[in-house]
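A short worksheet on the structure shown next.
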Amino acid sequence: MLSRTGIVYYASFATDFAWFAFLFSITRWLAETGSSQWHLGVFGACASVSYALCGPLAGVVSDRFGRRRVMLCGVAATILVLAAAALIRSRPAFYGLAAGCGFAVALIYPPLIAWLTQDGRDTDRRLFLFCIAWNSGVIAAQLSSGWLYVLRPGLPLLASVLPMAGIAVLMSAWRPDRDDEATPRDPPPPVAPARARIFVYMGWLSNGAGALAFSLVTHLFPYVAHESGIPPPVHGAMLALNRLLVIATYVVMYRFGFWRYRLWPAVASQLVAMAGLAILGFATSTAALAAGLALTALMLGYNYFASIYYSTMAFGARRKGAASGVHEGSLAIGGGLGALGGGILGDLLGARAPYRICVLMLAVFVVLQLLVHRTRTRR
């Protein structure tokens, strides 16, 4: 029978396959049907804000009532949203479906992360494989959605339903050796060194900064791609390349521990991303745009892996759901601000303005992280 960790890895792959197929299909359709960047930003904000509101709550509820129950509710809700989105071609309806999909996926991820790490064993390896699994789902969605979209805009969504149904089947069939559905009875594993608390707060800040930049790539870049004459398959391949480099970053971080509890890797990754965003703000060729996306990948990979690592190490077993919820919520808050703010700026100042201004926003986040580090280390 498939192990609990195996189910988690499959669920991570399938959930992000569905989530990014949903985002690709609808944002590309909005861009091709004359929607402004404001409309794309509202769509992204609806998805991110609902995720931000639901994620921390889902983590707390899963701590209390069990991980699988909450996740199965999220899987069922995601399937309903995908089916509806495949059949509907209406901008206002897509706003509601974006909020619904954000809510549904938020019921899955915080409990899923807590379920994976609740016994405190082999945390590094599990988080690494988890990150590989969900990013593989992103890559598969972006590559396949570009081609499926050409055949029919709703086809990527329909293709996502079956993998999501597989999660429900596996979770329903799984039988634990002991009751680990409720709050773990064993004493919580030792909390990591006190400085983990310093870096977890910095990690949440940098996670929000990374999501702010990533939301421009996810929700607004389809407008730039369409405006630049980039066809859907090439658009999908460019995003998949970005994700491959994110995975490469995870591999380096897993194999080498130089980044743990050190400030300079966090700052360096964000400086590289600022260079990538500057390229996206001015480049015109497909190759240059791909290079800009590639440079942002380092920050996306570093921020997510570092944040999830510190979130699971800094808190005991009984608070892992809540900590995972805050980790995921920081992503969603940054994503919502980036999508909505970027949409407004794109309409007012031009399609490339959000990327240029995001460079300044990242600089502000770097300063905030330096202040947190300085303040906390003095205590």
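Nothing in this text is a laboratory measurement; each read-out follows from the coordinates by a stated rule. Computed from a prediction, not measured in an experiment: that's the story for all the values here. Reconstructed Cβ throughout: ideal geometry from the backbone, glycine too, with neighbour counts over all protein chains shown.
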query = Can you give the direction-averaged projected area of the convex hull of the alpha-carbon atoms in region 72-146, in nm²?
reply = 5.9 nm²
ask   = If you plug each phi of region 235-251 into the Karplus form 6.51 cos²θ - 1.76 cosθ + 1.60 with θ = phi - 60°, what whole-Hz ³J(HN,Hα) values come out, in order, with x for Gly and Pro?
value = 4, x, 5, 5, 5, 5, 4, 4, 5, 4, 6, 4, 4, 4, 5, 4, 4
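Write down the Å³ per residue value for the convex hull defined by the alpha carbon atoms of the chain.
Given the Cα convex hull of the chain, per-residue volume reads 116 Å³.
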message = Once you place label points 7 Å from the Cα toward the Cβ at LEU368 and ILE344, how far apart are they in nm?
response = 1.6 nm
message = So if a site counts as exposed when it's one of the chymotrypsin sites (Phe, Trp or Tyr not before Pro), its DSSP state isn't H, G, I, E or B, and it has at most 15 other Cβ atoms within 10 Å, what's the longest stretch of the chain without one?
response = 1-173
key: MRE, 222 nm, helices only [DSSP H, n ≥ 4, -39500 (n - 2.57), over the chain, to nearest 500]   = -28000 deg cm²/dmol
note = Taking R0 as 35 Å and r as the Cβ-Cβ distance between ARG356 and ARG152, the FRET efficiency 1/(1 + (r/R0)^6), rounded to the nearest 0.05, comes to 0.45
inquiry  = Step by step: find N for region 1-103, compute 2.2 N^0.38 Å, then divide the Cα radius of gyration by it. What's the final number?
reply    = 1.18
key: Inter-label distance, nm, simple model (7 Å from Cα along the C-beta direction), GLU227/ALA76   = 4.3 nm
